[in-house]
1. Starting from the Cα gyration tensor of region B:19-165, take the square roots of the eigenvalues, sort them a ≥ b ≥ c, and report rounded, prolate or oblate (rounded when a/c is under 1.5, otherwise prolate if a/b is larger than b/c, else oblate).
2. Distance check, please: which entries in A:48/A:77; A:68/B:174; B:135/B:174; A:86/B:135; A:118/B:121 exceed 28 angstrom between their Cα atoms?
3. Any idea what the dipole of region B:100-202 comes to, in debye rounded to 20, about its Cα centre with Lys/Arg Cβ at +1 and Asp/Glu Cβ at -1?
4. If each residue's Cβ is checked for other Cβ atoms within 10 Å, how do B:73, A:59 rank with the fewest at the top?
5. When the Karplus curve 6.51 cos²θ - 1.76 cosθ + 1.60 is applied with θ = phi - 60°, which whole-Hz ³J(HN,Hα) does each residue of region A:66-71 get, with x for Gly and Pro?
6. Which GluC sites (Glu not before Pro) does region B:139-213 hold that lie in a coil by DSSP with at most 14 other beta carbons within 10 Å?
7. Run down the aspartates and glutamates and flag those whose C-alpha is under 16 Å from the C-alpha of residue B:93, throwing out any fewer than 8 positions away in its chain.
8. From the residues B:144, B:119, B:187, which one has its Cα farthest along the dipole of region B:100-202 in the positive direction, the dipole being from +1 and -1 charges on Cβ of Lys/Arg and Asp/Glu about the Cα centre?
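Each reported figure results from applying straightforward, stated rules to the coordinates on display, with no laboratory input. The structure displayed is predicted, hence computed values, not measured ones. In this analysis, Cβ positions are derived from the backbone assuming ideal geometry, glycine residues included, and neighbour counts consider all displayed protein chains.
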Amino acid sequence: MTRRARQADTGASRLRTVLFAIGLAFALVPAPAAAEYGDVVLNRYAEKEGMRPVVFPHWFHRIRFRCKVCHFELGFKMRAGSNEVKMNDIIEGRFCGMCHDGQIAWSVENCDLCHSGKAGLPPGIFGGHETLGPGRW
Amino acid sequence: MRKIKSVTHAFLSRQLPVLICLIALPVAAQQQWQPIANDGLRDPAGPAVKVLQPPGEALSQLAPDTAGNQVRWVKALEQGQIHPLSSLHADTKIQTYERDMLLNLRGGMPVVRFPHGIHTKWLDCSNCHDHLFKKQAGATKISMFLILQGEQCGVCHGAVAFPLTECSRCHSTKREDALAELTRGAAETGVPLPATLPTAMAAPLPKAPEPAK
């Protein structure tokens with residue numbers, strides 16, 4: 001074996017060792033904190049009004065309602081950030097208030113169940129994949 | 001024999017770590033359902049984390065997937081694992097439309113077969129038409145560049161519907177199969193295919209099943 005070939009061989013085995021270590025680290029270290037795919041943070045007004053940001057889980061709602069219920073009947077626009085949702089609307093039965101009325105789902109008195117986000121969260125969609133799509137806004 | 005053994009041994013000792021990496025990385029990269037307190041959004045000290053259902057509890061019961069919520073939502077719906085309501089008011093008009101569209105007929109990637117049927121199970125026509133896509137086939141130039149920026153299909157795919165990493169779920173049809181289908185449709189209806197193929201066309205309607213005798 002020539003010297004150069006030996007060096008190349010050592011290099012390749014080193015690379016394999018490094019890759020192995022990375023693989024092992026990924027396999028053993030618990031997954032970091034991560035939002036569920038499609039989680040939405042609403043914080044256009046919440047913190048300004050002295051409340052925690054709202055976290056809306058799409059996954060929980062789509063088990064029970066098709067997209068068209070909220071995005072057609074209730075009038076939520078599809079694009080994150082394009083809906084001006086104020087607490088008054090909800091109390092009067094618009095947007096979330098159509099279901100969160102104490103009949104279909106918990107009523108507006110359970111503030112902390114929706115206003116549950118960490119302070120300072122920016123509004124947007126979370127849990128997205130590595131594209132430039134809305135998941136990264 | 002000994003040579004085979006030593007070659008096998010050499011191969012395993014050299015390649016095994018790489019194999020393990022190749023297997024471990026995608027598994028590790030796949031996002032696991034996190035408990036509510038560990039989702040990075042909710043305040044772990046707040047009352048909600050004790051009350052709200054953790055995603056894994058519900059989603060692990062549904063048709064599994066490798067991306068997004070790790071749920072095949074359409075399969076879960078079609079197999080009756082979930083029963084989401086279509087409307088809240090009795091008088092809301094539920095609109096559905098079944099026709100498939102063949103998109104990207106002149107592009108480099110395989111042809112996109114867009115199923116209106118599956119989309120209208122979840123959505124209303126007005127969710128996409130006409131502000132995202134004009135109803136007329138080919139009238140809206142669809143661009144992967146825009147989709148990746150969260151426009152057009154990317155309004156949902158990449159945010160709540162299966163993500164844009166799953167190329168072949170949309171780019172699913174071989175070009176020659178799409179052309180054969182359009183040619184067959186043209187022969188059946190007597191409307192000839194245009195000399196220059198447009199970028200998008202409605203797929204021919206499937207033959208109505210023979211009435212049972």
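1. oblate
2. In this structure, A:68/B:174; A:86/B:135; A:118/B:121 lie more than 28 Å apart at Cα.
3. 120
4. Details: B:73 26, A:59 23.
The order, fewest Cβ neighbours first, is A:59, B:73.
5. For region A:66-71, the Karplus-derived couplings read 6, 3, 5, 5, 7, 8 Hz, x marking Gly and Pro.
6. Of the GluC sites (Glu not before Pro), not one in the loops of region B:139-213 has a Cβ with at most 14 other Cβ atoms within 10 Å.
7. Partners within reach: A:73, B:124.
8. B:144
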